[in-house]
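The values are calculated or read from the model by the stated rules, or taken from the named source; none is laboratory data. It should be emphasised that the depicted structure is a prediction, and the values quoted were computed from it without experimental measurement. Cβ placement follows ideal geometry from the backbone for every residue including glycine, while neighbour counts extend to all protein chains displayed.
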Amino acid sequence: MAVKIEMPKLSDTQDQGVIASWQIEEGDEVESGDVVAEVETDKATMEVEVFDSGTILKILADEGDALELGEVMAVIGEEGEDISDILEEAASGGEDDSSSEEESKADTEEADSMSDEEPQEQSKQQASSSSENGRIKASPLARKMAEDQGITLSKVEGSGPQGRIIKRDIESYEPSETGTPAAVSHEDQEHRVSQMRKTIAGRLSESKFSSPHFYETVSIDMQPAWDARKEINNTIEGKISFNDIVVKACAAALRKHPEVNSSWHGDKIIEHGNVNVAVAVAIEEGLVTPVINNTDQKGLQQIGDETRDLAEKARNRDLDLDQMEGSTFTVSNLGMFGIEEFTAIINPPNACILAVGAIQEVPVVENGEVVPGKRMKITLSSDHRIVDGAMAAQFLNTLQTMLENPLSIVL
């Protein structure tokens, strides 16, 4: 009996998934547990396994297509089995851009049946329908291939339904041999919003518009931390960064100010027992926030090792779900990009996020004399429903004291 392979729920916040790649083709034999596809969710790219053995009878979506949870991706069964009822059921769920080979074949057959005396008119109709309302109709995979190969989509004739440009059109495209134009017109580029980017947008919009943010900034004398880091790195095998020192200091300060280590839950505020600091990592789709659990109980070198490992996994889209959940506070550092000062949007359900700027060499006054100094600005964004101004200031004062006396967090 034929079985549907449906888009699974691979994360707690997922409402749809994008097929990143197929690992099988129609006609392949698969066993229970085999990986058949990679699916991009709002948090990571994950593998999809089959639970039944059999033959891949039909693939109903292309790479790059977005499917709702439960939507049919493919059909597995015995070779030659009639699956028309499943295909009809899938089709009745609504027409979608992933319409498969049946539609393409039907359109191709219709085109072939037209008179050979009307090829120019047919081409005009295709070109018109493939650029409806100024938007060129093309599958996500075709757009990606065209972008990679430098092909202008408006010059490609689509052979898919309603003149839609599909994979084979890009593969067979041959540019016309005309002279180089005097002026080059550059097209606007349309980029598909990834599931991760959609989730980032949704969560941060909700945070910004539902959580009353306020901001407080202090300037830190980083000369002691500068000297301490140099001494530490001379005595250990690995290296620690200034961000590792900031993360450790935040964890220690949170232990002293547990009200900042909290989250809002409607009619109650939960003050978390564990201190789990998330570190913002920039990847192509935006920012992800892997979590260092029990941060206050770990040394600088362990924090540094974990941060580098999590950052590498984040960039490779290889983070496990449990490595991205459970944070109680977040640190976002743009100092490596030369940003002196900024404000960050709170990472829900945290009460606060710390924005860390670059260490600047500036003139400072010490004992009545102007001398060179190293200063770093940090800005705390706080949810006013949980943290009041004085409470945030006290936390920042503790954090400043720790950063300016780094031995207090090392010993």
Q. Which of (1) modelled with pLDDT under 95; (2) under 30 Å from T235 (Cβ atoms) is the odd one out, the single condition N316 does not satisfy?
A. (2)
(Q) For the list (1) part of a strand (DSSP E or B); (2) touching a residue at least 60 places away in the same chain (Cβ under 8 Å); (3) buried (at least 17 other Cβ atoms within 10 Å of the Cβ), I need the number of the one condition that R317 fails. (A) (1)
Q. What are the residues in the range 137-173 that are assigned to a loop (DSSP other than H, G, I, E, B) and without any contact (Cβ under 8 Å) to a residue 40 or more places away in the chain, if any?
A. K137, G150, I151, T152, V156, E157, G158, S172, Y173
Q. Just a yes or no: is a residue in the range 248-264 at pLDDT below 95 and polar (S, T, N, Q)?
A. no
Q.
Can you pull out every residue in the range 360-381 that is surrounded by fewer than 18 Cβ atoms within 10 Å (Cβ to Cβ) and in contact with a helix residue (DSSP H, G or I) (Cβ under 7 Å, 6 or more places away or on another chain)?
A. G373, K374
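Just a yes or no: is a residue in the range 343-359 assigned to a strand (DSSP E or B) and either in contact with a His (Cβ under 6 Å, 6 or more places away or on another chain) or exposed (fewer than 13 other Cβ atoms within 10 Å of the Cβ) (or both)? I'd like the intermediate steps shown before the answer.
Going through the range 343-359, the residues assigned to a strand (DSSP E or B) turn out to be 352-359.
Narrowing further to those that are either in contact with a His (Cβ under 6 Å, 6 or more places away or on another chain) or exposed (fewer than 13 other Cβ atoms within 10 Å of the Cβ) (or both): none.
Among the residues of the range 343-359, not one is assigned to a strand (DSSP E or B) and either in contact with a His (Cβ under 6 Å, 6 or more places away or on another chain) or exposed (fewer than 13 other Cβ atoms within 10 Å of the Cβ) (or both), which makes the answer no.
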Q: Report yes if some residue within the range 289-303 is assigned by TED's automatic domain parsing to the domain that holds D388 and over 26 Å from I236 (Cβ atoms); otherwise report no.
A: yes
Q.
I'm told I59 meets every condition in (1) more than 17 Å from S139 (Cα to Cα); (2) aliphatic (A, V, I, L, M); (3) at pLDDT 85 or above except one. Can you identify the failing condition by its number?
A. (1)
Q. Do you know which residues across the range 19-59 are outside any loop (DSSP other than H, G, I, E, B), under 30 Å from V193 (Cα atoms) and β-branched (V, I, T)?
A. I19, V35, V36, V39, T45, V48, I56, I59
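Can you tell me which residue within the range 368-411, out of those that are β-branched (V, I, T) and in contact (Cβ under 8 Å) with a residue 40 or more places away in the chain, is nearest to P348 (Cα to Cα)?
I386
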Q) Just a yes or no: is a residue in the range 197-212 outside any helix (DSSP H, G or I) and surrounded by fewer than 15 Cβ atoms within 10 Å (Cβ to Cβ)? A) yes
Q: Select, from I83, I19, the only residue that is under 28 Å from E147 (Cα atoms) and either modelled with pLDDT of 85 or more or surrounded by 13 or more Cβ atoms within 10 Å (Cβ to Cβ) (or both).
A: I19
Q.
If E190 satisfies all but one of (1) at pLDDT below 95; (2) assigned to a helix (DSSP H, G or I); (3) over 20 Å from A311 (Cβ atoms); (4) not basic (K, R), what's the number of the condition it fails?
A. (2)
Q. L396: under 18 Å from A252 (Cβ atoms), under 32 Å from the mean Cα position of the chain (by Cα) and part of a strand (DSSP E or B), yes or no?
A. no
Q) How about the range 229-271: which of its residues are closer than 18 Å to D388 by Cβ and in a loop (DSSP other than H, G, I, E, B)? A) H257, P258, E259, V260, N261
Q: Could you run through the range 60-75 and say how many residues are in a strand (DSSP E or B) and either touching a helix residue (DSSP H, G or I) at 6+ places or on another chain (Cβ under 9 Å) or within 14 Å of E29 (Cβ to Cβ) (or both)?
A: 4
**Q.** Residue in the range 276-286 that is surrounded by 14 or more Cβ atoms within 10 Å (Cβ to Cβ), more than 30 Å from P363 (Cβ to Cβ), at pLDDT 95 or above and touching a Phe, Trp or Tyr at 6+ places or on another chain (Cβ under 6 Å) present
**A.** yes
